[in-house]
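Here's the structure, in structure tokens; my notes come after.
Readers should treat all values here as calculations from the given coordinates under stated rules, not as data from a laboratory. Everything numeric here is computed off the predicted structure, so don't read it as measured data. Please note: Cβ atoms are built from the backbone with ideal geometry, for glycine as well, and neighbour counts cover all protein chains shown.
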Amino acid sequence: MTARQDLLDHLGTGATTVCRAWLVQRKDGMAFGFTDHDQDLAFDGQAFRAATGMTAKAVQQTTGLSVDNTEAIGALSDVSVTEDDLFSGRFDAAEVRSWLVNWADVDQRIEQFRGNFGEVIRAGGAFRVELRGLTDRLNQPRGRAYQAGCAAVLGDRACGFDLGTAGYRSEGALVGVDPMGRLRIAADMALADHWFERGRLTVLSGRAAGLVQMVKADRAIGHDRMIELWQGFGTQIAIGDQLRLEAGCDRRAETCRSKFANFANFRGFPHIPGEDWLASYPVSARANDGGSLSGGAHG
């Protein structure tokens, strides 16, 4: 008999010993097990801790391609889910699995839900998180869009550019933070201002290790870089923490050609007419022969 059928038979007795168990696995590989039972459980090599304050509402399950969803609520704890981890995005899009388990015989269980973390709300020492089912991914747009800018992400498979190439990545220590929150990094690279704008800043050591943010502004100060981020790290970084800067791309064809010498992999349509062309009309002062729309008269 299967574990599922065993549990169904147990439920059919009318006197049940069941509870719920959740497994949350972050993108960095860290896994956390929770249960609403009053004692810890363990199966499949994972411990599921009780007394964590973790509870969940009933799962809304449907047939077809409708999205299954539910909600989890829990208390913030230094030994499980911390406010710093939630605020800094470590749990963003974490994978979630949920089982109905016979706590008297954990081999009897049914997986009821599998999906990912959605919106997370933190308030009053607790968190509330939306859980999105697997079919939610079908709501996400797929395919290429006709646009002038490149649709690839710098360094991904479609782009093909190696960000490890000399001159496009720099590592150094944080040496200061100015009153406006800009970071001064000892990056020993003589590169022009704005080189790292739209690029990524990754924390390599310290309390915020592994966190990534996008660079809003970048300028050189001697051999250092003064970096402004679009959004601060949820966890404080300290002087001396090691950081890595990666060059940024504004997705323009000219940037792809001149900065990265990668135009063969450009994933945009730089010659597509702009929106002003849609509103264009004949003008008697110039030729209207279907020639170039970007310049003056066709010659």
The stretch 128-235, Cα convex hull volume normalised per residue, Å³: 173 Å³
Looking only at the stretch 222-263, which residues have a backbone nitrogen under 19 Å from a spot 7 Å from the Cα of GLU83 in the C-beta direction? 232-237
If the chain between SER205 and SER284 were fully extended at 0.36 nm per residue, the gain over the current Cα-Cα distance would be 21.9 nm
Please work out how much length the chain gains when fully extended from ALA264 to HIS223, using 0.36 nm per residue of separation minus the C-alpha to C-alpha distance, in nm with one decimal. 11.5 nm
State, to one decimal in nm, how far the label point of ALA93 lies from the label point of ASP156, with both points 7 Å from Cα in the Cβ direction. 0.9 nm
Let me check I've understood the local charge: for ALA151, count other residues with C-beta under 12 angstrom from its C-beta, Lys and Arg +1, Asp and Glu -1. What total comes out? +3
Net charge around GLY12, counting only other residues with Cβ within less than 14 Å of its Cβ (Lys, Arg = +1; Asp, Glu = -1)? -1
Taking other Cβ within 10 Å of each residue's Cβ, how do GLU275, GLU246, GLU171 sort, fewest first? GLU275, GLU171, GLU246
Give me the distance in nm between label points sitting 7 Å out from Cα along the Cα-to-Cβ direction at LEU8 and GLN231, one decimal. 4.3 nm
